[in-house]
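Enquirer: Okay, here's the structure, questions in a sec.
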Amino acid sequence: MLKLAIFFLIISLIAGLFGFTGISAASAGIAKILFFIAIALFVLFLVIAVFVGKSIT
């Protein structure tokens, strides 16, 4: 998912460079949403791993 966010960020930068501001803004918004979803999933799985690790030991 983080790879998709980086992909959309690169698309946004290239579109902004060539003057396609609508496409640039849309792909930057998609990249931002995907980035925050990836961070939220990382934190969720980290918390789950900590609690499962404590219950095993």
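Enquirer: Report whether or not residue 55 is of a type in the set (S, T, N, Q) and open to solvent by less than 80 Å² (accessible area, probe 1.4 Å).
Expert: On the way: of a type in the set (S, T, N, Q): yes; open to solvent by less than 80 Å² (accessible area, probe 1.4 Å): no.
For residue 55, the condition - of a type in the set (S, T, N, Q) and open to solvent by less than 80 Å² (accessible area, probe 1.4 Å) - is not met.
Enquirer: Just to be sure, is residue 29 exposed (fewer than 10 other Cβ atoms within 10 Å of the Cβ) and either among the hydroxyl-bearing types (Ser, Thr, Tyr) or assigned to a helix (DSSP H, G or I) (or both)? Show your work before the answer.
Expert: Working: exposed (fewer than 10 other Cβ atoms within 10 Å of the Cβ): no; either among the hydroxyl-bearing types (Ser, Thr, Tyr) or assigned to a helix (DSSP H, G or I) (or both): yes.
So residue 29 fails the test.
Enquirer: Among the residues that make up segment 35-52, is at least one of them of a type in the set (Val, Ile, Thr), surrounded by 12 or more Cβ atoms within 10 Å (Cβ to Cβ) and modelled with pLDDT of 95 or more? It would help to see each step written out before you state the result.
Expert: Here is the first cut: in segment 35-52, the ones of a type in the set (Val, Ile, Thr) are 37, 39, 43, 47-48, 50, 52.
Filter once more, keeping what is surrounded by 12 or more Cβ atoms within 10 Å (Cβ to Cβ): 37, 39.
Next, only the ones that are modelled with pLDDT of 95 or more stay: 37, 39.
Yes; the residues of segment 35-52 include at least one that is of a type in the set (Val, Ile, Thr), surrounded by 12 or more Cβ atoms within 10 Å (Cβ to Cβ) and modelled with pLDDT of 95 or more.
Enquirer: Just wondering, is there one or more residues in segment 5-16 that are part of a helix (DSSP H, G or I), open to solvent by 80 Å² or more (accessible area, probe 1.4 Å) and of a type in the set (Phe, Trp, Tyr)?
Expert: Yes - at least one qualifying residue is present in segment 5-16.
The values are calculated or read from the model by the stated rules, or taken from the named source; none is laboratory data. Just so it is clear, the model here is predicted, and its values are computed rather than measured. Ideal geometry is used to build each Cβ from the backbone, glycine not excepted, and the neighbour counts take in all protein chains shown. Side chains are part of the model used for accessible areas, which takes the heavy atoms of the whole protein and leaves out ligands, DNA and RNA. Shrake-Rupley method; radii C 1.70, N 1.55, O 1.52, S 1.80 Å.
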